[in-house]
Amino acid sequence: MSEFRVKAISKLHAEFSVPGDKSMSHRAAILGGLSNGTCTIRNFLPSEDCINTLNAMNALGASYEVLDELESYGPINLRIHGQSMKLSAPAAPIDCGNAGTGMRLLAGLLAGQSFSTELFGDASLSSRPMGRITIPLGQMGAHIETRGEKPGCAPLLIHAAKLHPITYDMPVASAQVKSAVLLAGLFADGETTVIQPAETRDHTERMMASFGMTTRRAGNAISIDGGQVPQACDFTVPGDISSAAFWLVAAAAIPGSRLLIKDVGLNPTRTAILKVLGRMGAHMSEIVHESDGEPIGNIELHGASLTGTTIFIDEVPNLIDEIPVIAVAAALAQGRTIIRNAKELRVKESDRISTVVNHLRAMGAEVDEFEDGMEIEGGKPLHAAVIDSHGDHRIAMAFAIAGLFAEGETVIKNTDCVNTSYPGFAHHLDAILHERSQAADFTLPTVSRA
Ligand code: S3P
């Protein structure tokens, strides 16, 4: 089992790009596989989570060819052969690994097929709530059995079913649930509507538009008509702002640092992390343009002495994946940071409220835990600790960042999980730890297969 060993750094001057966006890579594999032709997907995230979704689409009939791959990981540029919405029964149960997004979106896709499919995942995924998708999909006529040891959890046995459209008032603000219902809606006759309690990431709607499909938005309600066929197209995935967040926090907390992250997704439903770091004192500028229906660009950040902040309730869905590393920034800032209304963190890849609170305390930070979040009194010096990731990629990476500010050598145990979202993180961490700044030090090795 691999580990990171991290020591304090005194400067950070770097320009690089992070791997492709995880949310968009899942969706590109799914819409490409449903499309009416061949699609070239560029900068796909070659992480275990997204490769599982690509392989799921392959098992459902949509084969793909790798054009270029990230050495020892998997495809970054690929061609996927769409099946014009006509999927075929998989020969075996489908492995979703660690990916909540993969499993929940695929469940929506598979709920209205003429064959049955089983979806399973690892121990973490098998303990995460699936009722949030089986309930709305059940209302559409799906028949899904949750066969996990824990009630309402995976494996999912999705039986053949004929779906009808519904209007679903979503109790939690979840892009995965919204996307599962919209994908199921494609296989129902008529208009399916999902009403969100708060805005969530809108990559599904944007990517559907790139594939020539129509969704309608009225306030926080999104509607889709069944029977649409995604039109084959090429799609370039921007860098993942949730991966960039680790380095943005590291640079933000070092006065005098400069970090330029290139070609990263800047979709406004994902950029609350920038607003939060700005409120905490970091200086930032962004140059934004549009690519394949998504805002994308460069972020230049200059570090400063940080001060605590309050995360607003409507920001929470926008930065839910960044909260572990925001908590690290809070521990490094002067004053109090309040992170509440974030109960969803308890059902992520680990219980991210308790893992973050315990690990920050182990490193000397002052933290109060609440059922729905935490409050951090920043500014206490951090010291090294041995940190277990609990198999959660974002915990491993967030505490590698904490280690960059701690006295002594911090050891992060159980770091293989990082490959579920950020292949190459260890390479980038090594360059930052050694205070390298050349672009070549951050380039991840690719191999052509074309
Ligand atoms: C995602 C949505 C979020 C996020 C996850 C990716 C997506 O989950 O935490 O990492 O791609 O739709 P929820 O929908 O459960 O909030």
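None of the figures in this text is laboratory data; all of them are computed from the coordinates on show. Treat the numbers as computed from the prediction; the structure is a model and nothing was measured. We place every Cβ from the backbone using ideal geometry, glycine too, and count neighbours over all the protein chains shown.
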(message) What is the angle, in °, between the Cα long axis of helix 352-362 and the longest principal axis of the Cα atoms in the chain? Nearest 10 is fine, range 0 to 90.
(response) 20 degrees
(message) Taking 8 Å as the Cα distance limit and 6 or more residues as the minimum spacing, I'd like the relative contact order of the chain as a percentage.
(response) 19 percent
(request) For an R0 of 56 angstrom, estimate the FRET efficiency from the Cβ-Cβ distance between K343 and L260 and round to the nearest 0.05. (result) 0.95
(message) If I build a Gaussian network model for the chain, linking alpha-carbon pairs within less than 10 angstrom, which residue out of Q113, Q228, Q438 has the largest mean-square fluctuation?
(response) Q438
(message) I need to check one value: relative contact order of segment 22-221, counting alpha carbon pairs closer than 8 Å and at least 6 residues apart, in percent.
(response) 17 percent
(message) Give me the tail of P(r) for the chain as a percent: Cα-Cα pairs with distance above 34 Å.
(response) 29 percent
(request) Would you mind computing, in nm to one decimal, how far apart the modelled labels at D314 and K275 are, each placed 7 Å from Cα along Cα→Cβ? (result) 0.8 nm
(request) If a/c stays under 1.5 just call it rounded; otherwise compare a/b with b/c (prolate if a/b is bigger, oblate if not). Do that for segment 22-221, with a ≥ b ≥ c from the square roots of the Cα gyration tensor eigenvalues. (result) rounded
(message) Between S2 and K162, how high is the FRET efficiency from 1/(1 + (r/R0)^6) when r is the Cβ-Cβ distance and R₀ = 60 Å? Nearest 0.05.
(response) 0.80
(request) Have a look at the DSSP beta bridges in segment 22-221 and tell me what percent are antiparallel, nearest 5. (result) 75 percent
(request) Count the DSSP beta bridges whose two residues both fall in the chain, then state the antiparallel fraction as a percent rounded to the nearest 5. (result) 75 percent
(request) Using only Cα atoms, tell me the angle between helix 393-403 and the longest principal axis of the chain; keep it within 0 to 90° and round to the nearest 10. (result) 10 degrees
(request) Determine the shape class of segment 218-287: with a ≥ b ≥ c the square roots of the Cα gyration tensor eigenvalues, call it rounded for a/c under 1.5, and otherwise prolate if a/b is greater than b/c, oblate otherwise. (result) prolate
(message) Can you show me the helix-derived [θ] at 222 nm for the chain, built from DSSP H runs with n ≥ 4 at -39,500 (n - 2.57) apiece and divided by the number of residues, rounded to the nearest 500.
(response) -8500 deg cm²/dmol
(message) Students often get this wrong, so check it: of K86/K150; K22/K380; K150/K262; K22/K150; K11/K380; K22/K343, which have C-alpha atoms separated by over 31 Å?
(response) K86/K150; K22/K380; K150/K262
(message) 7 Å from Cα along Cα→Cβ at both I135 and D441: what's the point-to-point distance in nm?
(response) 5.0 nm
(message) Between segment 287-363 and segment 162-199, what is the separation of their alpha carbon centroids in Å?
(response) 28 Å
(message) Could you work out the relative contact order of segment 174-308? I mean the mean sequence separation of Cα pairs under 8 Å and 6+ apart, divided by the number of residues, in percent.
(response) 23 percent
(message) Give me the extension gain from F370 to N36: residue separation times 0.36 nm, minus the current Cα-Cα distance, reported in nm with one decimal.
(response) 115.4 nm
